[in-house]
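Just below is one structure, and these are the notes that go with it.
Here, each number is a calculation from the coordinates, and none is a lab measurement. The model shown is predicted, which means the values in this text are computed figures rather than measured ones. Note that each Cβ is placed from the backbone with ideal geometry, even for glycine, and that neighbours are counted across all protein chains shown.
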Amino acid sequence: MKLRLQRPSLGFYILMIWVFLATGFSVPLLPATVSAAELSASTSLADVAVTGNEAASSSEVAVSQNEPNPEPSAVSDTTGDESSPIDADNPSIDDLEAEDELDAADENQNNGNGPQITDPIEPFNRAMYQFNDKLYFWVLKPVATGYNKVLPKVVRVSVKNFFTNLAFPIRFVSSLLQADFSGTATETGRFFINSIWGIAGFIDLASMEGVNLPKQDADLGQTFGLWGVGQGFYIVWPFWGPSSPRDTFGSVGEYFLYPVSYLSPWYASTGVKTYEIINDTSLRIGDYEALIGAAIDPYIAIRDAYVQYRHQKIEKKRQKLWSSGTEEKKTIQ
Amino acid sequence: MKKNIVLSILLSVILLCAPAYAGIPLETVKINVNKVLEVLRDPALKSPAKQDIKKEKLRQLYFDMFDELELAKRSLSRNWKKLNAVQQNEFIHLFHQILENTYAERILSYQNEKISFDKESMLTPTQAEVYTRINRPAGEVPINYRLILVNGNWKVYDVVIENVSLVQNYRTQFNDILSKQTPDKLLEILRKKVKTQK
């Protein structure tokens with residue numbers, strides 16, 4: 001069996017030239033960009049918090065506009081108490097009558113009633129969920145546990161870093177398509193630092209203090225979401241798990257952006273990807289167990305976790321990209 | 001160049017001042033989490049025989065840190081009213097059991113991962129969100145605590161792990177169950193769940 005990479009296409013060369021040009025600008029500036037990156041890291045953290053606050057207050061307005069009933073009733077409930085009118089917005093446990101208000105205040109943090117997804121093919125999805133569940137407990141977990149015992153954690157983390165570095169084109173192209181140019185530059189800088197000095201990506205030097213080029217949270221499904229594409233309905237794929245039409249298209253695109261997909265013959269590529277999954281799983285054994293262990297209906301719990309996770313991923317990016325104008329003023333608050 | 005120096009001085013001033021402004025919610029979470037870590041690291045409690053003492057200590061810390069009623073009410077949301085007082089009490093108890101049975105093991109398996117307490121943001125004057133991160137081998141996991149001011153104390157009413165709100169997750173499940181079943185049936189499901197966990 002001969003392992004070889006297929007001849008890259010024209011698009012790949014264009015990409016490489018772009019990367020070269022982009023890093024040509026960012027690498028010489030590295031000492032300067034460290035402080036810049038530090039600055040952006042600290043502000044982006046503040047940003048998330050502030051915009052979270054903003055989201056809460058803006059939807060609070062929306063709630064009070066859409067549901068006029070809970071507002072006055074709650075105010076009348078609490079005016080007799082010592083609590084100030086402000087407290088009427090935030091139910092304490094004493095206000096047992098202010099149930100509707102509790103809903104309103106709670107929901108405004110979750111953007112309305114929290115993100116939901118329609119599930120028209122629930123019977124199929126439940127069957128697929130069962131399949132994946134068995135796959136995890138009967139195959140993946142035993143294999144990953146065995147693998148766990150053979151290789152020390154340091155090695156497994158390095159392997160994970162290597163694959164993360166290899167998936168650079170996904171994050172790079174996604175950031176670019178999101179017009180997130182600082183993210184694109186960060187990814188490019190990361191890729192070169194980790195590929196060259198991080199021994200082909202086994203060491204994630206770029207994330208360390210002093211360099212501070214953290215991995216960008218960018219994928220294609222998220223990109224489509226930012227473009228305004230709706231998530232559609234819930235679908236559970238065998239082997240791949242929870243998804244939606246939007247994320248499925250994203251995954252297909254990512255297949256072509258992931259270098260491992262171009263390994264030939266096909267079973268080499270599948271083998272490497274399977275190995276990656278085993279390595280990843282070995283680092284997070286117990287997570288899935290906890291999720292379904294705590295769940296009353298594991299299928300619904302996972303569906304909701306998936307929707308919340310994807311929703312927040314898009315929202316956070318949106319806040320990062322579109323709130324830069326007002327961020328400075330708010331950070332002071 | 002001059003601009004850079006000014007900027008970096010400004011930046012370091014801001015960064016150095018930041019801890020002084022850390023508010024009470026952040027401090028509350030920090031103190032509580034550190035107490036939990038103390039119990040977990042206590043060499044006197046290392047042996048498996050002491051596991052129960054450890055769990056009892058953690059349970060006390062849980063009561064200090066969390067507001068069970070708020071947690072239960074918010075998880076049921078509108079459906080809270082559908083339960084009578086007795087049912088509500090049983091619900092709080094069962095809900096606590098399920099959370100404890102699941103998460104006690106997870107917390108006990110803590111392996112000295114680094115936790116950083118990043119910042120807090122006020123959602124409303126009496127509600128705050130505290131941002132923390134735990135550095136795990138599989139990657140950094142953001143954990144946010146949502147707190148509410150009750151009788152002068154900041155208590156946790158929701159935990160958001162990797163963007164997934166615990167309360168929201170339960171609310172979706174309870175909504176789904178209660179759209180088809182009675183509150184009695186829900187309690188029965190919870191009772192069964194607690195039994196299978198043991």
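Brief remarks on what is shown
- The long axis of helix B:183-197 is offset from the longest Cα principal axis of chain B by roughly 70 degrees.
- Size of the stretch B:135-194 as Cα extents on the principal axes (Å, biggest first): 40, 38, 21
- Linear extension gain, B:LYS82 paired with B:ASN101, 0.36 nm per residue minus alpha-carbon span: 4.2 nm
- Among B:ASN151, B:ASN79, B:ASN34: highest mean-square fluctuation, GNM of chain B, C-alpha pairs under 10 Å: B:ASN151
- Cross-link pairs beyond the 32 Å C-alpha cut-off, checked among B:LYS46/B:LYS198; A:LYS317/B:LYS198; B:LYS30/B:LYS192; A:LYS320/B:LYS35; A:LYS141/B:LYS198: A:LYS317/B:LYS198; B:LYS30/B:LYS192; A:LYS320/B:LYS35
- For the stretch B:13-125, diffusion coefficient by Stokes-Einstein and Kirkwood Rh (Cα), 25 °C, 0.890 mPa s, µm²/s: 146 µm²/s
- In terms of other Cβ atoms within 10 Å, A:SER243, A:SER264 run from fewest to most in the order A:SER264, A:SER243.
- Over all other residues within a Cβ to Cβ distance under 15 Å of A:LYS153, the charged ones net out to +3, with Lys and Arg as +1 and Asp and Glu as -1.
- Here the stretch A:188-333 yields Rg over Rh of 1.00, to two decimals, using C-alpha coordinates and the Kirkwood radius.
- Summing Lys and Arg as +1 and Asp and Glu as -1 over all other residues whose Cβ lies under 12 Å from the Cβ of B:ILE31 gives a net charge of -1.
- The C-alpha atoms of chain B define a longest principal axis, and helix B:24-41 lies at about 70 degrees to it.
- Legend: translational diffusion of the stretch B:45-198 by Stokes-Einstein, Rh = Kirkwood radius over C-alpha pairs, 10 °C, 1.306 mPa s; D = 93 µm²/s.
- Here the relative contact order of the stretch B:102-195, from alpha carbon pairs under 8 Å that lie six or more residues apart, stands at 14 percent.
- Exposure proxy order (Cβ contacts within 10 Å, fewest to most) of A:SER244, A:SER158: A:SER158, A:SER244
- In Hz, Karplus ³J(HN,Hα) per residue of the stretch B:101-112 (6.51, -1.76, 1.60; θ = phi - 60°; x = Gly, Pro): 4, 7, 8, 4, 4, 4, 5, 5, 8, 4, 10, 6
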